[in-house]
1. Scan segment B:28-69 for residues that are more than 17 Å from B:Phe122 (Cβ to Cβ), in contact with a Gly (Cβ under 9 Å, 6 or more places away or on another chain) and more than 9 Å from chain A (Cβ to nearest Cβ) and jot them down.
2. Return the residue satisfying two criteria in turn: it lies in segment B:123-135 and is more than 7 Å from chain A (Cβ to nearest Cβ) and farther than 25 Å from B:Leu23 by Cβ, and of such residues it is modelled with the highest pLDDT.
3. How many of the residues in segment A:232-262 are more than 16 Å from the chain's Cα centre (by Cα), within 18 Å of A:Thr98 (Cα to Cα) and surrounded by fewer than 22 Cβ atoms within 10 Å (Cβ to Cβ)?
4. State the number of residues belonging to segment A:194-217 that are more than 11 Å from B:Ser144 (Cα to Cα) and touching a strand residue (DSSP E or B) at 6+ places or on another chain (Cβ under 9 Å).
5. Of the numbered conditions (1) of a type outside the set (A, V, I, L, M); (2) within 20 Å of A:Ala83 (Cα to Cα); (3) in contact with a Phe, Trp or Tyr (Cβ under 8 Å, 6 or more places away or on another chain), A:Tyr411 fails exactly one; give the number of that condition.
6. Answer with yes or no whether B:Val151 is within 18 Å of the chain's Cα centre (by Cα), closer than 30 Å to A:Val450 by Cα, more than 8 Å from chain A (Cβ to nearest Cβ) and of a type outside the set (Gly, Ala, Ser).
7. Specify the residue that is farthest from A:Glu389 (Cα to Cα); the eligible residues are those in segment A:69-85 that are out of contact with any helix residue (DSSP H, G or I) (no Cβ under 7 Å at 6 or more places or on another chain) and not aliphatic (A, V, I, L, M).
8. On the given criteria, is B:Gly74 on the phi > 0 side of the Ramachandran plot, without any contact (Cβ under 8 Å) to a residue 40 or more places away in the chain and either in a loop (DSSP other than H, G, I, E, B) or surrounded by 19 or more Cβ atoms within 10 Å (Cβ to Cβ) (or both)?
Amino acid sequence: MTTVPLEQVEREEHPVIEPGHTYASVTEKITDVVLRRPPGMAWWVGLMIGMGLLGLFAIAVTYLVVKGIGIWGVNIPVAWGFAIVNFVWWIGIGHAGTFISAMLLLMRQHWRTSINRFAEAMTLFAVMCAGLFPLLHLGRIWRFYYLFPYPNPMQLWPQFRSPLVWDVFAVSTYFTVSLLFWYLGLVPDLATLRDRARNRAVRMIYGIFALGWRGSARHWRRYQSAYLLLGGLAAPLVVSVHSIVGMDFAAAVVPGWHTTIFPPYFVAGAIFSGFAMVLTLAIPMRWAFGLQDFITIRHIDNCGKLLLVTGLIVAYGYSAELFMGWYSGDSYEMYMNLNRALGPYRWAYWTLILCNVITPQFLWIRAVRQSIPLMFVIALIVQLGMWMERFVIVITSLHRDFMPGAWGVYYPTFWDYATLLGTIGLFFTGFLLFAKFLPVISISEVRELVHASDGGRHEPGEFHPSYVH
Amino acid sequence: MASTRTHTLFGLAAEFESPEAVLAAARAVARAGYRRADAYSPFPVDGLAEVLGPHRTRIPLLVLIGAVFGACTGFFMLVYANVISYPWNVGGKPPNSWPAWIPITFELGVLFASFAAFFGMFALNGLPMPYHPVFNIPEFARASRDRFFIVIESADRQFDPEQTRQFLEGLKPIAVREVPR
């Protein structure tokens with residue numbers, strides 16, 4: 001058993017958890033959001049907006065199924081429009097959740113404890129939104145099962161050398177593993193909710209999902225082993241998923257797509273946008289549910305640092321694309337870069353440079369990272385920028401490729417926007433329901449944090465993260 | 001020992017306030033020779049399971065088996081589909097162009113390893129189990145909140161309702177309670 005010194009918690013000015021908490025007080029504070037506190041006006045307003053947009057989504061999808069994808073702006077040469085932009089955007093947002101819960105778990109970053117639960121929920125809803133787009137793009141959505149290898153009377157198989165087929169496996173595995181990881185973490189907290197519920201029906205419901213968890217020492221031992229292993233499995237998985245998304249493009253010969261930097265640069269971009277979404281969710285949530293003691297300035301600050309690092313990697317990706325375009329000496333590659341910066345979609349390119357390269361530079365300043373309103377604004381700007389990045393990659397590359405006679409311009413339609421807004425509604429509706437009915441912070445892990453920085457009863461200075469033996 | 005009470009008695013539960021106290025008590029229980037004892041805590045306490053008895057978790061092995069099974073399933077499915085059942089020339093690559101099989105092989109390996117970790121953990125723990133005698137004492141609700149329990153089962157060979165109670169009280173718990181079956 002190793003012990004890890006708890007340097008940061010004591011030394012830095014902002015703690016991971018505000019002092020003075022006990023096992024009982026953290027339990028009450030987090031479970032009260034679910035069991036005792038009425039959700040409040042902000043939650044209801046948010047839910048109404050979310051459900052409204054979800055209604056728009058239902059209309060957009062119904063019309064799509066009835067009429068076909070001709071209602072979107074896609075055509076030749078731009079056959080991949082908003083649907084693929086949105087797919088990559090959403091799945092990227094999901095990646096920060098897995099990064100926080102798995103990668104930071106393995107790196108023993110215990111500050112992750114109070115943000116991993118809702119970040120994992122964010123992943124689940126973001127992957128749901130993402131997964132819908134390729135299915136909707138099929139045109140005949142009721143034939144979605146053609147994507148899977150199954151014995152069929154046509155005696156055909158998917159073309160397994162195509163990254164698009166890899167994506168089917170990557171995204172479905174990613175969703176499944178994220179769901180298992182999230183649920184595994186929830187089980188002890190569901191048991192707490194069961195034991196704290198006053199209403200019999202509520203106790204029964206949480207009891208069923210808690211699976212009879214009773215906190216036995218032997219159970220915890222296996223639980224930790226399984227949790228750590230799932231973290232170890234999810235960490236490379238998250239890298240593989242967005243690398244494969246990058247290869248969806250890189251395997252094509254289109255200038256602007258056919259580049260080896262795509263897999264790593266997509267992974268960094270994914271985590272970049274995901275941390276922006278974590279901040280977008282955490283900042284209103286800590287205020288609405290009174291969780292400022294657990295999601296502290298320290299978390300906002302650390303997310304800001306990660307935003308800066310991943311932002312710099314993304315900026316490197318942009319410059320590498322420019323450099324390789326020039327260095328290749330290939331006229332199509334060089335034209336593609338000029339066309340991005342000066343062509344009909346130059347506004348998208350410069351928006352992305354402004355949002356993703358220039359804005360994150362403010363995060364070098366500590367005061368900016370610790371200012372909640374500024375961080376919220378920066379997070380929104382980064383999400384806009386990352387959406388623009390995918391727009392530039394998909395649309396600018398396709399609309400002018402090789403033959404000037406085959407060039408064209410893409411105009412999104414009302415239904416393109418409606419579908420995008422609709423998935424935002426799906427995401428927020430799902431997330432708000434999760435925030436009301438399940439503990440948004442892992443209670444059992446926060447208890448460990450209390451034990452580590454122990455409310456005065458023990459000497460601080462030693463931390464025993466349960467998952468490290 | 002074989003009094004009628006042991007038939008209705010699951011065991012004796014001692015309640016503690018801190019992880020350090022329960023760990024010290026668990027050491028004493030193990031030293032006294034009790035084998036059928038378990039501790040319950042609201043968060044994992046390092047070393048508690050090991051103190052109560054030699055314990056090796058088989059989950060890593062299960063996960064390895066899951067990973068190997070999933071990866072083999074993935075790889076050979078692709079070989080069967082694109083090499084044996086329906087050979088397909090794509091870009092002049094050889095029929096068994098195995099580097100292209102790697103991503104799906106990896107994904108399925110991770111998927112089955114995760115299934116093994118998740119379902120293996122619950123299966124080895126005997127969960128889901130909605131009823132367990134420890135839930136019969138109302139105070140046990142705090143085991144998922146801020147209290148730590150040690151339960152010595154009446155099925156233990158050394159168990160004696162009076163002597164075990166005295167022994168547990170000697171460990172300075174908050175309280176010792178009978179756990180009915």
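1. Within segment B:28-69, B:Ala28, B:Ala30, B:Arg35, B:Arg36, B:Ala37, B:Val68, B:Phe69 meet the criteria.
2. The extreme case among them is B:Ala123.
3. 1
4. First, the residues of segment A:194-217 that are more than 11 Å from B:Ser144 (Cα to Cα): A:197-212, A:217.
Subset that is touching a strand residue (DSSP E or B) at 6+ places or on another chain (Cβ under 9 Å): A:217.
Residues meeting the conditions: 1.
5. Of everything listed in (1) of a type outside the set (A, V, I, L, M); (2) within 20 Å of A:Ala83 (Cα to Cα); (3) in contact with a Phe, Trp or Tyr (Cβ under 8 Å, 6 or more places away or on another chain), A:Tyr411 misses just condition (3).
6. Numbers: within 18 Å of the chain's Cα centre (by Cα): yes; closer than 30 Å to A:Val450 by Cα: yes; more than 8 Å from chain A (Cβ to nearest Cβ): yes; of a type outside the set (Gly, Ala, Ser): yes.
Here the answer is yes, as B:Val151 does meet what is asked.
7. A:Gly70
8. Values: on the phi > 0 side of the Ramachandran plot: no; without any contact (Cβ under 8 Å) to a residue 40 or more places away in the chain: yes; either in a loop (DSSP other than H, G, I, E, B) or surrounded by 19 or more Cβ atoms within 10 Å (Cβ to Cβ) (or both): yes.
No.
The values are calculated or read from the model by the stated rules, or taken from the named source; none is laboratory data. What you are looking at is a predicted structure, and each value in this text was computed from that prediction instead of being measured. We place every Cβ from the backbone using ideal geometry, glycine too, and count neighbours over all the protein chains shown.
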